[in-house]
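Read-outs: derived from the displayed coordinates by stated rules, not from any lab. Bear in mind that the values here come from a model prediction, so they are computed numbers and not experimental data. Ideal geometry is used to build each Cβ from the backbone, glycine not excepted, and the neighbour counts take in all protein chains shown.
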Amino acid sequence: MRAAALYGILGPLSLSLAMSALLATPATGRPLAAPTAPAIATAPATNPATPTASTRSATPPAGAAGTPSATRSAPAAPAAPGVPVATATPTWATWSAPPASAAPAAAPPGDAAAARGVAFAARRAARRGITFRRCPHAEALAAPITCGKVSVPLDYARPRGKHVSLTVSRIRATGPKARRQGALIYNPGGPGASGMAFPEYAAEDAFRRVAAAYDFVGYAPRGVGRSAPLSCQRPSAYAKAPASSPPHPTAAFKRRLVARARAYVRGCVRRSGRALAHYTTLNNARDLEVLRAALGQRRLTFVGASYGTYYGAVYATLFPGRVRRMVFDSVVNPAPGRIWYRDNLDQSLAFERRWRDWRRWVARHHAVYHLGATADRVLAAYDTARRRLARKPAGGVIGTAQLQSAFLRTGYNDAYWDPAARALAAYLHGDPEPLIELAAPDPAEAADDENGNAVYTAVECNDAPWPRAWATWNRDNTALARRAPFETWDNVAMNLPCAFWPLKPGRPLDVGNLEAVGPRTGRVALPPVLLLSAERDAATPYAGAKELWHRLPGSSLVTERKAGTHGLWGGPNDCVNRHVDTYLLTGKTPGRSAFCAPRPEPAPLPEPAPLPESGKQPAAIPGTP
């Protein structure tokens, strides 16, 4: 699962949309992070996950079989007057992860050696600091943004052993020195997304108040970009198009899916070796602690989107005394029993609802698009296009996988609604060019996409147990696809390598439970944190925000009602932005919960909208909210 906000992954979460579409983009309409893992479609030859627009994150995300997650009970989230209470997280009935005590873990959450290692690494980083200089040409970041590196142990249990360098970017706060508040670190999600472009947003209107008070700091997590990059196959093989993505695959297609997943895993092991085991959420959280120290910050101020909310919450559990302020935008469900198999099933189900939202909107504007006056007729038009592309790919590169990946973006961001409808209408009326422009993979981004997918796979497979039997995956997802065919099998294609992962999985941290990571003696309480969520978010369903809200008793949940765009900060909802700005600038939250009216629905544009760069989600396109 993948996903991200500001903006974009996730998976997770952008759980299964290619990373480039996972990342939410701020209101500028420009992408925040380089493209990453595509929204899965069934890949060609050796590729288990077709490079489409994919989280996660992962996620987003941001779920599957088994008993409900075992978490502490908590009262239901308060509902605003007239606002329906979101449905509970689905319970998947066939598979359950081993109990925490039984799950093998190479790096248990309470591992004393790793705890000593991160303390050692943080002290050394604080002494050395970061030398910021002009950014390398490869980062495409102009002055006054500067770049540097921070060294972190590959294995925190051996902090004097091999290290890897993480790339870091920064732009200084623009306000008077007396009013500056230090560094604000941002992560857009994934796993596998880079936040290196975050400092560029300091100049945008939506972020100027915060940028006056904070240095904007971005970085590429371990494995991403130039931070000890991971790879599992040749980028050209990963990006091969056209590819096929049937919503109800045949037995023969499923056999090919399994073969591709196994081949992909072999590629990960061959290309990355022993280091592969150290790409985990726990290590991402530990790296964040070292980065905090290297920046000279006594406590951390952090904004994480999509998957960034999960490892931010893990950080808050491991290092509560180091937290100053944290914003979690589009929240992954952190319940240990849902990481990551169930979270992905939950995401597939949620995308079906958002897919229906888009079809209903198109039907209301039948006079513009001529795709049908009901949601079912719009679906019939989409299915017609899918059948045509299965017979003859558009432009030689747009198959059913590329079609599905492009239209998955409508579930991430309302700004895709009009471009997607126009492209579908044009294709069905004999003009394939708008669809080719919308959905064609960009060869120039193949290496970044492959890298993002490799990181996504390594982190999610290492983090937690997954079903090892193909029969379980087949049973759970065949049943789910009867209710939610749109994204279910694409999500399987992205995550199936975890069924054949050769490394022992970790145990997900019991987020919010400080007793799970050590004695309470000497610990300080976690300060209030701010959660943001849209009620109809598909990448990171709303139930995940309520779960984290219950787990962090001092947290405040800001809900955008009846909306589904993934990634809220910096978007067109002034109510949400005011809550974030107030919290980051003063530390004040709106209490335990607050509700914002939804952004207006997009209107059909008089002229075709410019497409988002690199297939990423715009937070605003001219003429849309």
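Taking label positions 7 Å along the Cα-Cβ direction at both R128 and A212, the computed distance is 3.7 nm, reported to one decimal.
Given Cβ point charges of +1 (Lys, Arg) and -1 (Asp, Glu) and nothing else, what value in debye, to the nearest 20, does the dipole of region 321-396 about its Cα centre take? All intermediate terms of the calculation are to be shown ahead of the outcome.
On the way: 17 positive and 7 negative charges, 33 e Å.
With only Lys, Arg, Asp and Glu charged at Cβ, the dipole is about 160 debye.
Taking a straight line from the alpha carbon of K588, these lysines sit under 24 Å away, with near neighbours fewer than eight places off in the same chain left out: K177, K546. Note on region 399-438: along the principal axes its Cα atoms extend 27, 20, 14 Å, ordered by decreasing extent. With the charge dipole of region 199-320 set up from +1 on Lys and Arg Cβ and -1 on Asp and Glu Cβ about the Cα centre, the Cα lying farthest toward the positive end among the listed residues A293, A228, A316 is that of A228. Reported to the nearest whole Å, the Cα centre-to-centre distance from region 575-605 to region 130-203 is 27.
Summing Cβ point charges (Lys, Arg +1; Asp, Glu -1) relative to the Cα centre of region 252-319 gives a dipole of roughly 620 debye.
Taking the Cα centre of region 223-367 as origin, sum charge times position over the Cβ atoms of Lys and Arg (+1) and Asp and Glu (-1), and report the length of that vector in debye to the nearest 20. Please report the intermediate quantities before stating the final value.
Values: 27 positive and 7 negative charges, 88 e Å.
With only Lys, Arg, Asp and Glu charged at Cβ, the dipole is about 420 debye.
Among the trypsin sites (Lys or Arg not before Pro) in region 502-600, those placed in a DSSP loop whose Cβ has at most 11 other Cβ atoms within 10 Å are R520.
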